Structure formats: structure tokens, C-alpha cells
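Student: I'd like to ask you about the structure that follows.
None of the figures in this text is laboratory data; all of them are computed from the coordinates on show. The shown structure was predicted, so the numbers you read here are calculated from the model rather than taken from an experiment. Positions of Cβ are generated from backbone atoms using ideal geometry, with glycine treated the same way; all protein chains shown enter the neighbour counts.
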Amino acid sequence: MYAQTPPGFPIPVTQAIDNVVSLPEVPERQPPPEISEWKDYKLNQVKLTPKELFCTNLMLKGLTTKEMASVSGNTEKTLKHHIASIFKKFGVSSRAELFHEIFPT
């Protein structure tokens, strides 16, 4: 529109348009990993025994210690030991914290 720089305009209009047009490109966002992939990724970061991994999956499904005992064939006392070990390895102190650690929001 303007062939000349309007009065009081700090830079030529064509330069201002070039500055707007030549904005840096924004990198394309990568989609977040699927929930199962994220869970596997987080569980592989922490070195869990097979029994701890089994217990972790049961906890993530919402089972109580008593329900876990009936499914796994272990006593509640043994499972409490496994759960304490899992919490220590993840650096958490509750099932809710464990869930948030594996599935951050």
C-alpha cells in the first residue's frame, strides 16, 4: 500500500512485512506416546523384579493388597514387602504417587 515509510514509522513498511513473513518455523509437535507405551517406558526405567512388576501392574489396575494376594498366591505381608520395595525404587510413598509417577499429567 505504502511506497514510502509513513511518518513516525520506525522502519520501512516492506521491511516490517518481510519481518512478519520470515518468522522462524515452529517445529512440528510430536504426538504423545500411547498410554501403554508410556507405562512400558517408565517401568523399564526402574529395575523391578518380575514379582514387583506383576504387583505394580495389579496396583495400577486398582487392586487392593488383599485382592492382589488372592490373585498372586502370596500373603498380604509378602505383598506389602514388594509394595514397599516398589515405592522405594520409584521414590514415592503411596499408590496415588506411583500412578502419577508412571502416568504424569
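Student: Do the alpha carbons of any pairs in K42/K66; K39/K88; K51/K80; K39/K61 sit beyond 21 Å of each other, and which pairs?
Tutor: Flagged as over cut-off: K42/K66.
Student: Only Lys, Arg, Asp and Glu count, each charged at its Cβ (+1, +1, -1, -1), so figure out the dipole size of segment 35-102 about its Cα centre, rounded to 20 debye.
Tutor: 200
Student: First measure r as the distance between the Cβ atoms of F54 and T105, then evaluate 1/(1 + (r/R0)^6) with R0 = 30 Å and state the FRET efficiency to the nearest 0.05.
Tutor: 0.75
Student: HN-Hα J couplings of segment 39-48 from phi, Karplus 6.51/-1.76/1.60, θ = phi - 60°, integer Hz, Gly and Pro as x?
Tutor: Once θ is set to phi - 60°, the couplings for segment 39-48 become 4, 4, 4, 5, 5, 7, 6, 9, 7, 9 Hz.
Student: For T64, enumerate residues with amide H under 5 Å from its amide H, sequence gap 5+ or separate chain, H modeled in the peptide plane.
Tutor: Those qualifying (amide H under 5 Å, at least 5 residues apart or on another chain) number zero.
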